[in-house]
Amino acid sequence: MEHTVNAAKCMKCGKITYPTHFYCPACGSTDFGAVAVEGEGTLLTFTRAYTLPLDYEDLYLTLGIVEMDQGIRATGQLDIDEPATGIRVLASVGPVRDVDGRTVYGLKFRAV
Amino acid sequence: MRDVAIIGASTTQFGRAQWSLLKLMAEAAHGAITNADLGGRKIDAVYVANMGSARNNRQAGIASALVDRMNLYPAAADTVENGPASGASAVKNGFLAVASGMCDLVLVAGGERMREVNNIEATEFVSFLSHRYAEYIYGITLPALAGMFARLWMNKYGVTSEHLAMVAIKNHSNAMLNPNAHIKMPITMEGILHSPDAEMNNPYIAEPLRFFDCCPVSDGAAAVLLAPAEMAGEFTKKPVIISGFGQATDTQAVHERPDPTVLTAVQIAARKAFDMAGLKPRDISLAELHDAFTILEIAQSEQVGFFPEGTGHIALEKGETQIAGKLPINTSGGLKAKGHPVGATGVSQIVELVFQLRGEAGKRQVKNPKHGFALNFGGFGNNVVATILTKGA
């Protein structure tokens with residue numbers, strides 16, 4: 001099954017927001033269409049987090065915020081051994097967490 | 001609107017509690033009530049600040065439960081939940097109840113018993129504050145958000161790990177003078193950053209933040225008693241006036257902020273509080289800031305207006321924020337060392353300011369303070385409450 005992470009594109013002014021809000025932050029409209037968070041971007045900041053929630057068995061998780069070329073930012077997991085701010089990354093969607101025995105899919109970034 | 005005074009203030013010992021959450025809050029509330037001379041007058045309303053009692057302590061309806069535990073019926077009772085800013089939010093609600101004329105005597109109690117669950121569950125429960133679909137599902141925790149924020153801030157302003165350690169060293173040293181603080185352990189730059197053991201003593205929690213950059217998981221409660229300023233003289237010789245409040249919200253997902261190093265809600269909340277009080281940042285004698293992570297004390301000290309952009313760490317380096325400095329910050333030990341029982345924190349910041357303004361802060365007393373400022377930071381800055389207190393006549 002194909003998984004996507006969607007942002008919201010305002011049908012009135014075209015602004016893309018992620019995550020979605022009930023009112024468009026640019027024009028106040030309530031009419032949105034789904035647009036996938038996808039493609040390349042630049043790593044803005046990151047952390048290796050060592051105190052993890054119960055759902056993880058990893059020693060640490062590498063998490064980051066990416067400035068997507070499509071004009072939004074997104075938080076996600078980094079599949080990058082030695083991340084650095086400013087590097088180019090590519091988004092994909094994969095398993096990011098198990099919640100109550102169910103796999104949750106979300107954004108994973110790797111270096112390009 | 002009537003002016004409102006704090007006529008009683010009290011806190012429990014912070015740390016690992018031997019008591020239930022209700023007993024903790026009752027002890028703090030009793031301390032605040034007996035701190036004033038009520039002459040048999042009844043409390044009209046109770047506001048309780050708490051974030052996790054239903055999850056961590058198997059008690060919902062915590063405000064009603066506290067009224068029952070103490071026997072304060074038929075006082076009105078409401079629980080106020082605003083994450084780590086619940087405390088100042090509850091004081092604000094108490095203030096509004098008195099200022100409006102609806103109530104005369106209002107008790108505000110904040111408490112949290114986080115150590116009833118283990119540390120990992122406590123971190124998990126606090127991570128529920130993050131955006132469910134854009135942050136939480138990735139394993140984002142508050143330390144992770146703070147780590148990403150710290151990296152941006154350090155790169156932008158040339159702040160180093162040593163600067164972060166200076167916040168921790170100062171606040172640990174202040175907590176040594178606060179009998180109610182959770183952590184009473186002096187630390188040194190050598191011990192936590194430069195010695196061969198530093199890597200073991202002070203491991204990374206969320207890079208670049210280390211263990212000593214993060215607040216502990218604490219139990220504790222704090223309470224204040226409010227009355228109309230015009231009646232305060234009947235109940236106490238040392239009233240403290242609530243002279244300003246400001247509150248503002250910001251995006252829940254940190255990545256959505258136009259510049260994630262700008263804490264817009266902090267700036268707006270502080271400005272509103274200063275406007276209401278008719279004061280400027282330079283009028284403030286001491287401040288309690290929300291140093292859940294060391295980087296936040298530096299960032300907030302600039303964004304509330306005490307120091308120009310990019311110079312908070314320089315003021316820290318010069319000792320300006322020490323107890324004997326120009327603007328003492330976190331004389332109580334801050335969240336870093338006094339501890340951070342989330343529901344209690346905002347109330348306890350206000351309690352520290354009351355002790356200082358009354359000249360009752362013992363060995364950590366600041367010389368002749370007139371106005372105190374508190375900043376209570378909810379989520380990762382998505383709901384912030386600023387409070388200004390002024391020494392009564």
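The values are calculated or read from the model by the stated rules, or taken from the named source; none is laboratory data. The model shown is predicted, which means the values in this text are computed figures rather than measured ones. Heads up, the Cβs are rebuilt from the backbone with ideal geometry, glycines too, and the neighbour counts pull from every protein chain shown.
Numbers for the structure displayed
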{"quantity": "The range B:57-90, residues that are part of a helix (DSSP H, G or I) and closer than 23 Å to B:V385 by Cβ", "calculated": "B:I62, B:A63, B:L66, B:S86, B:G87, B:A88, B:S89, B:A90"}
{"quantity": "Those residues of the range B:133-175 which are surrounded by 22 or more Cβ atoms within 10 Å (Cβ to Cβ), touching a residue at least 60 places away in the same chain (Cβ under 8 Å) and over 22 Å from B:E288 (Cβ atoms), in sequence order", "calculated": "B:A134, B:E135, B:T141, B:A144, B:G147, B:M148"}
{"quantity": "The range A:33-79 - residue that is out of contact with any Leu (no Cβ under 8 Å at 6 or more places or on another chain) and hydrophobic (A, V, I, L, M, F, W, C) and, of those, nearest to the other protein chains (Cβ to nearest Cβ)", "calculated": "A:L54"}
{"quantity": "Pairs with Cβ under 6 Å, 6+ apart, first in the range B:264-278 and farther than 22 Å from B:V254 by Cα, second crowded, with 23+ Cβ neighbours inside 10 Å and β-branched (V, I, T)", "calculated": "B:A273/B:I388; B:A277/B:I388"}
{"quantity": "Residues of the range B:237-263 that turn out to be part of a strand (DSSP E or B), surrounded by fewer than 24 Cβ atoms within 10 Å (Cβ to Cβ) and not polar (S, T, N, Q), as a count", "calculated": "4"}
{"quantity": "Which numbered condition B:N155 fails, given (1) assigned to a helix (DSSP H, G or I); (2) in contact with a Pro (Cβ under 9 Å, 6 or more places away or on another chain); (3) facing chain A (nearest Cβ under 9 Å); (4) modelled with pLDDT of 95 or more", "calculated": "(2)"}
{"quantity": "B:V217 vs. criteria β-branched (V, I, T), within 14 Å of chain A (Cβ to nearest Cβ) and in contact (Cβ under 8 Å) with a residue 40 or more places away in the chain", "calculated": "yes"}
{"quantity": "Pairs where the first residue, in the range B:21-44, is on the phi > 0 side of the Ramachandran plot and the second is surrounded by fewer than 16 Cβ atoms within 10 Å (Cβ to Cβ), C-beta under 8 Å, 6+ apart", "calculated": "B:G39/B:E234"}
{"quantity": "Candidate set: the range B:47-101, residues that are touching a residue at least 60 places away in the same chain (Cβ under 8 Å) and of a type in the set (K, R); chosen: the one farthest from B:L24 (Cα to Cα)", "calculated": "B:K92"}
{"quantity": "Members of the range B:115-142 found to be in contact with a strand residue (DSSP E or B) (Cβ under 6 Å, 6 or more places away or on another chain) and within 20 Å of B:A344 (Cβ to Cβ), listed by number", "calculated": "B:R115"}
{"quantity": "Strands (runs of 3 or more DSSP E) fully within the range A:1-90 counting 3 or more residues that are among the aliphatic types (A, V, I, L, M)", "calculated": "A:32-36, A:40-49, A:61-68"}
{"quantity": "Among residues of the range A:80-101, those that are within 10 Å of chain B (Cβ to nearest Cβ) and of a type in the set (S, T, N, Q), counted", "calculated": "1"}
{"quantity": "Count of the range B:111-146 residues which are more than 8 Å from chain A (Cβ to nearest Cβ) and over 23 Å from B:S53 (Cβ atoms)", "calculated": "2"}
{"quantity": "Which listed residue is surrounded by 17 or more Cβ atoms within 10 Å (Cβ to Cβ), more than 30 Å from A:I72 (Cβ to Cβ) and β-branched (V, I, T), from B:I62, B:I120", "calculated": "B:I62"}
{"quantity": "Residue that is touching a residue at least 60 places away in the same chain (Cβ under 8 Å), of a type outside the set (K, R), outside any helix (DSSP H, G or I) and touching a helix residue (DSSP H, G or I) at 6+ places or on another chain (Cβ under 7 Å), where the choices are B:G339, B:G343, B:G372", "calculated": "B:G372"}
{"quantity": "Residue in the range B:286-300 that is surrounded by fewer than 21 Cβ atoms within 10 Å (Cβ to Cβ) and either in contact with a Cys (Cβ under 8 Å, 6 or more places away or on another chain) or free of Cβ contacts under 8 Å to residues at least 40 places away in the same chain (or both) present", "calculated": "no"}
{"quantity": "A:V104 being within 16 Å of B:Y136 (Cα to Cα), at the interface with chain B (Cβ under 10 Å from one of its Cβ atoms) and at pLDDT 95 or above", "calculated": "yes"}
{"quantity": "Any hit, the range B:47-55, residues being among the hydrophobic types (A, V, I, L, M, F, W, C), at pLDDT 95 or above and in a helix (DSSP H, G or I)", "calculated": "no"}
{"quantity": "The one condition in (1) farther than 21 Å from B:G110 by Cα; (2) in a helix (DSSP H, G or I) that B:E352 fails to fulfil", "calculated": "(1)"}
{"quantity": "Residues that are of a type outside the set (D, E, K, R), in a helix (DSSP H, G or I) and at pLDDT below 95, drawn from the range B:92-141", "calculated": "B:M114, B:N119, B:I120, B:A122, B:T123, B:F125, B:V126, B:S127"}
